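Note sheet for the following structure.
The values are calculated or read from the model by the stated rules, or taken from the named source; none is laboratory data. Computed from a prediction, not measured in an experiment: that's the story for all the values here. Because the Cβ atoms are built from the backbone with ideal geometry, glycine has one as well, and the counts that use them run over all protein chains shown. The accessibility values were calculated without ligands, DNA or RNA, using every heavy atom of the protein model including side chains. Shrake-Rupley method; radii C 1.70, N 1.55, O 1.52, S 1.80 Å.
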Amino acid sequence: MALTEVSSNKMFGGWQKVFSHESSELKCVMKFGVFIPAQAENKKVPVLYWLSGLTCTEQNFVTKAGSQKYAAEHGLIIVAPDTSPRGCNIEGEDDAYDFGSGAGFYVNATQDKWKTNYRMYAYVTEELPAVITSNFAAIPDKMSIFGHSMGGHGALICALKNPGKYKSVSAFAPICNPMNCPWGQKAFSGYLGENKDDWKAYDATELVKQYNGPPLEIHIDQGKADNFLPAGQLLPDNFVAACAEAKMPVVLRMQEGYDHSYYFMATFMEDHLKHHAKILNQ
């Protein structure tokens, strides 16, 4: 689990760093960003995982989201991995923005060409937490997860598939029902094959119906001016309806005038950090 430090910058009394490491799950070198608050110099602290959206690397969240100030205030480590394996030399991996590089969709692929490397679900839920616990002052059983768009989908499924593992979950403009949107259908057919029963294992709207675990207060912010909302890519109403059916607490805030960008996320980042800190710091 040897880490190589790529960058290190002091920020709000803590350190924003980027590391690279050889991933056993993804069979390639991966980078992740990690904000280490000053509190971690003297004690172990909770960890909040961020999952980014299509086309992103670990850099987008690190440089644009404005999370570090609030993580410093609340004493949280924030970990932001890349969104897919990189440089695997798989035919077609760089052909589209919404499949392959930068578009791992947080699934474990089962299809021949992709199944060796495209195991982002295992990477995010198993390998990366083990790396963080081994190398940083992290409390192993105090972690939460949030994300944006494809990463919002990733955060929701990670929490719903692992009852009790994540203490809280939130999302910005998540892809809530990928089985029924163009992005999800393209990714799932490519990574998981054509059997739609297999897709249900990675669809938050399906997973919440079967959830049996500690209550999760799911918090979602969605911009009303998000062009992917009328395009039918996000489908938050489907998820909220499934939550109601499953008696799962969910708050969906529709934010007037906001789009799908990091400007939107930076605006409401403080609310999300407070949501997680309230639960993680109990």
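Could you check segment 1-10 and list, in sequence order, the residues that are open to solvent by less than 60 Å² (accessible area, probe 1.4 Å) and either part of a loop (DSSP other than H, G, I, E, B) or aliphatic (A, V, I, L, M) (or both)? Break it down stepwise before answering.
Kept after step one, since they are open to solvent by less than 60 Å² (accessible area, probe 1.4 Å), are these residues of segment 1-10: 3, 7-8.
Selection gives LEU3 alone.
If the requirement is being outside any strand (DSSP E or B), in contact with a strand residue (DSSP E or B) (Cβ under 8 Å, 6 or more places away or on another chain), of a type in the set (D, E, K, R) and at pLDDT 95 or above, which of these qualifies: LYS186, LYS142? Please lay out each step first, then the result.
Working: LYS142 fails: outside any strand (DSSP E or B).
On inspection, the qualifying residue turns out to be LYS186.
For segment 196-254, which fully contained helices (runs of 4 or more DSSP H) count at least 1 residues that are more than 17 Å from ALA155 (Cα to Cα)? Reasoning before the result, please.
Working: elements: 196-199, 204-210, 236-246.
Fully inside segment 196-254 and qualifying: 196-199, 236-246.
Could you check segment 38-68 and list, in sequence order, the residues that are more than 22 Å from TYR262 (Cα to Cα) and not hydrophobic (A, V, I, L, M, F, W, C)? Let's see the steps before the verdict.
Of all residues in segment 38-68, those more than 22 Å from TYR262 (Cα to Cα) come to 38-46.
Of everything in segment 38-68, those that are more than 22 Å from TYR262 (Cα to Cα) and not hydrophobic (A, V, I, L, M, F, W, C) turn out to be GLN39, GLU41, ASN42, LYS43, LYS44, PRO46.
I'm trying to understand the selection: among the residues of segment 21-57, which are open to solvent by 20 Å² or more (accessible area, probe 1.4 Å) and outside any loop (DSSP other than H, G, I, E, B)?
Within segment 21-57, GLU22, VAL29, LYS31, ILE36, ALA38, GLN39, GLU41 meet the criteria.
Residues to consider are PRO215, PRO174, PRO182, PRO230; find the one that is under 19 Å from HIS276 (Cβ atoms) and open to solvent by 10 Å² or more (accessible area, probe 1.4 Å). Step through it out loud before you land on a result.
On the way: PRO174 fails: open to solvent by 10 Å² or more (accessible area, probe 1.4 Å); PRO182 fails: under 19 Å from HIS276 (Cβ atoms); PRO230 fails: under 19 Å from HIS276 (Cβ atoms).
The unique qualifying residue is PRO215.
Of the conditions (1) open to solvent by less than 10 Å² (accessible area, probe 1.4 Å); (2) without any contact (Cβ under 8 Å) to a residue 24 or more places away in the chain, GLY151 fails just one. Which one is it?
Of the numbered conditions (1) open to solvent by less than 10 Å² (accessible area, probe 1.4 Å); (2) without any contact (Cβ under 8 Å) to a residue 24 or more places away in the chain, the odd one out for GLY151 is (2).
So for segment 119-126 (the condition being closer than 22 Å to ILE36 by Cβ, crowded, with 17+ Cβ neighbours inside 10 Å and either out of contact with any Cys (no Cβ under 8 Å at 6 or more places or on another chain) or among the hydrophobic types (A, V, I, L, M, F, W, C) (or both)), does at least one residue qualify?
yes
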